[in-house]
Amino acid sequence: MSERAWSLAEHIVVDAAPAEVHRVVSDLRNMGRWSPECRRLWVARPPARPGSRFVGLNRRGPFVWFTTGRIRALRAPAQAPDGAGEFTFDVGILGLPIARWGYRTEPEGERTRVTETWQDLRTGRGSRLTVLLGAVFAGTGPDRRIAVNRAGMRTTLARLAAGFGAVTPPRP
């Protein structure tokens, strides 16, 4: 068995301006269009802003599960000195933390580099329960979660980029 991975990042370059990409990425209603797991998100009190709570309906194969979430950071590119936008949220189940997801939009010439991040928050009190719930409801234990998330993030980013037209592979 390999060592458990606790975080992951994937990126793609999109042929659109950072402000436009950030606006689309930070609209939670779009998540179900891009993600291979997330089917729908409901925001308790729109519009979404830091502190906003939401409920997610997720599905992968025969597995269906709900999560709750809270937006941690939401900053438009125009609000940052470096022109980078940020959208970060935590998800959990039964009041226990599962993961922190994030999207960073950065200018790359006239295009935008979109980086999606994931951090496993299943540590400390309740971590064994959340690992068990993940295996039962999502069909994925921690040993497979990194591979599932990497594939899902690549799919999400490709779908997002396709929505803007052309996709450009990131430069090394």
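Observations on the structure shown:
- Tensor-based shape of segment 23-87 (alpha-carbon gyration tensor, a/c under 1.5 rounded, otherwise prolate or oblate): prolate
- Along segment 106-112 the Karplus relation, 6.51 cos²θ - 1.76 cosθ + 1.60 evaluated at θ = phi - 60°, assigns HN-Hα couplings of 10, x, 9, x, 8, 10, 9 Hz to successive residues, with x for each Gly and Pro.
- A Förster distance of 41 Å, applied to the separation of the beta-carbon atoms of ARG33 and SER127, puts the FRET efficiency at 0.85.
- Distance (nanometres) between label positions extended 7 Å along Cα→Cβ at ALA158 and ALA80: 2.6 nm
Just so you know, all these numbers are worked out from the coordinates, no wet-lab data involved. Just so we're clear, the structure is a prediction, and the values are computed from it rather than from any experiment. All Cβ positions, glycine included, derive from the backbone under ideal geometry; neighbour counts span all protein chains shown.
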